[in-house]
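Below you'll find the structure, written out as structure tokens, and then a few comments.
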Amino acid sequence: MPELETIRLDASGPMARMMPPRDPAGKSSRAPLCYGDRVEGQPLTAIPAVIMTCGLPASGKTSTAMRLHAHLGGVLVRSCDVYQELGIVLSEWVTRTQGFTANVAEYHQLRDEASREMARRVDTSLAAGSPVVIVDAVHGERDKRRKLYEICHARGVAPILVLCVCDDFEEVRRRFRARGGREAEPEHEASDLSVFHDIRRRWESPMTDELPDGTRPTILTYETVPGRLTPPGRASSSGSPTAARTPWRCS
């Protein structure tokens, strides 16, 4: 499998196209990630990949995943759809657990069940030959990411994390308020800030993750307010190295 340590963006837009570096002659030095791209009229073979959005609630994960899916095709697996199909209603659990501060064991079990179902769908899609699977979820816990890494390793595909960041906590608040009254729509299920704080408490950074083969996953940091993407190893707009970024900055 070609290396995927460096991914650059085509000039057509910050998340519009993910391509590997080009040699001085202008030709791609590795197969492209974009399924269906063509060079000189000839179709190119895509690198099979599992693209995982990652980040806190209201960081822009679902919008990013849907944009990627519209451009890349493949299969889109969204945690909000799985929650709906399993009958997990976040607004009800906010009430039952007093904002995830009490009697949370059953809720945690349901979250784990949803995570297993998402992993199963990813594996099934890869087994069916999908060249790209995009997984829209928080992916904030290392053990849940590890399960997907293991599936990728077994299927011989590349895991790529897109870490969505919204540094402006007032914007996060605004996004939560905008979801009020729309909780029945899967993508707007989380409308209470207690969901944000619950995920933040359990967050484990992916920056030190290790794949089954001992390498690191490719991680892109996407700042969703300015629409700016930082490739691996580059500095973000705040001046911090990508590896040092956290998915929130609020007090």
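No lab work stands behind these numbers, since they all come straight from the coordinates. All figures in this text were calculated on a predicted structure; none of them were measured in a lab. Positions of Cβ are backbone-derived with ideal geometry, glycine not excepted, and every protein chain shown enters the neighbour counts.
Remarks
- Checklist (1) of a type in the set (D, E, K, R); (2) surrounded by fewer than 15 Cβ atoms within 10 Å (Cβ to Cβ); (3) closer than 20 Å to residue 123 by Cβ applied to residue 174, failing item: (3)
- Residues of region 123-146 satisfying the condition of being surrounded by fewer than 17 Cβ atoms within 10 Å (Cβ to Cβ), in a helix (DSSP H, G or I) and of a type outside the set (Ser, Thr, Tyr): 127, 142, 143, 146
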